[in-house]
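Here is the structure we will look at, set down as structure tokens.
The values are calculated or read from the model by the stated rules, or taken from the named source; none is laboratory data. Nothing here was measured: the structure is a model prediction, and the numbers come from that model. Virtual Cβ from ideal backbone geometry, glycine too; neighbours counted across all protein chains shown. Remember, those area values only see protein heavy atoms, side chains included, never the ligands or the DNA or RNA. Shrake-Rupley method; radii C 1.70, N 1.55, O 1.52, S 1.80 Å.
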Amino acid sequence: MDALERVVKPKTKRAKRFLEKREPKLTENTKNAMLIKGGNANSTVTEVLKDIVSHHLPIQKNITRPFEDQTSLEFFSKKSDCSLFLFGSHNKKRPNNLIVGRMFDYHVLDMIELGIENFVSLKDIKNNKCPEGTKPMLIFAGDAFDLNEEYRRLKSLLIDFFRGPTVPNIRLAGLEHVLHFTAVDGKIYMRSYKVLLKKSGCKIPRIELEDIGPSLDLVMRRTHLASDDLYKLSLKQPKALKPKKKKNISHDVFGTTYGRIHMQKQDLSKLQTRKMKGLKKRPAEKSVEDGGISPKKTKSV
């Protein structure tokens, strides 16, 4: 039995807290990523990993081939509690190679190999950069991200990799970093921009984008995608997180909420109306309703 798969009983309170953090939760923690540099990575691949490292963990070095042997990736994923990985390598057959992937239950779920055809680093663009840890806005352009299954999985994988932590509130001035991915003619173009808010003479500011790098021209190579059943299982949510269906409530195409109320049958004859002289009943009508004849009033002499 593998050492990581044995049932471990904590001996100290610190170990107990560590194991409690690893237990399944209704709301999972922010996904961590490990960046791995292959044994034969060149300077281009190393610079790409360094430009991305500001969002994730430090770079590790390991001689492995993810498409041939995935045991080392799964071992480090379980050891460091990382569900995302980016592997960089370089060889004659596949130069300037990047492999981006994700785990499910500490096993490889999806893995896509990308080749770097053109690269502009952060150092080559002399502009003001965004603060480290800024949550980026992700934009995907191109029909391939919606029509092709491999590109659709790549889009989901990139969203997982760059989305960052979940925040309850958003500040307008904090929306200053944009990552733009364009899929056209079999290539993926990644661009990074800084959002500049300019004066426009009205309440809404004028938006300008400034290139800050890095810029990557990528081409898709090999893919390792999970089966439909396994992918559906990885997206399954606990019942406690699913919103309870409210009865007698519907929504139209514009988002307006409609509610249906069930009431008992009302007696409209007892309905209180506005008191008007024209609506008052005469004594003869009251006597007919009571089933008798009211006595006539005698005039006093």
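Taking the range 126-140 as the range and being more than 15 Å from the chain's Cα centre (by Cα) and closer than 25 Å to Arg171 by Cα as the test, the residues that pass are Asn127, Asn128, Lys129, Cys130, Pro131, Glu132, Gly133, Thr134.
Per-residue answers, yes or no, for (1) modelled with pLDDT of 65 or more; (2) closer than 30 Å to Lys247 by Cβ; (3) open to solvent by 100 Å² or more (accessible area, probe 1.4 Å):
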residue: Met263; (1), (2), (3): yes, yes, yes
residue: Gly278; (1), (2), (3): yes, no, no
residue: Val288; (1), (2), (3): yes, no, yes
residue: Gly292; (1), (2), (3): no, no, no
residue: Thr298; (1), (2), (3): no, no, yes
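Taking the residues in the range 88-97 that are assigned to a loop (DSSP other than H, G, I, E, B) and in contact with a helix residue (DSSP H, G or I) (Cβ under 6 Å, 6 or more places away or on another chain) as candidates, determine which candidate is least open to solvent (accessible area, probe 1.4 Å). In this case the residue turns out to be Asn96. Taking each residue of the range 250-264 that is at negative phi and looking for partners that are surrounded by 10 or more Cβ atoms within 10 Å (Cβ to Cβ) with beta-carbon atoms closer than 6 Å, six or more apart or interchain, yields Tyr258/Ser250; Gly259/Ile249.
Counting the residues of the range 234-245 that are closer than 23 Å to Arg153 by Cβ and free of Cβ contacts under 8 Å to residues at least 24 places away in the same chain gives 3. Would a scan of the range 70-92 turn up a residue that is without any contact (Cβ under 8 Å) to a residue 24 or more places away in the chain and more than 21 Å from Ala226 (Cβ to Cβ)? Looking for residues that are without any contact (Cβ under 8 Å) to a residue 24 or more places away in the chain and more than 21 Å from Ala226 (Cβ to Cβ), one finds at least one in the range 70-92, hence yes.
The set of residues from the range 218-233 being loosely packed, with under 14 Cβ neighbours inside 10 Å and either part of a helix (DSSP H, G or I) or under 21 Å from the mean Cα position of the chain (by Cα) (or both) comprises Asp228, Asp229, Lys232, Leu233.
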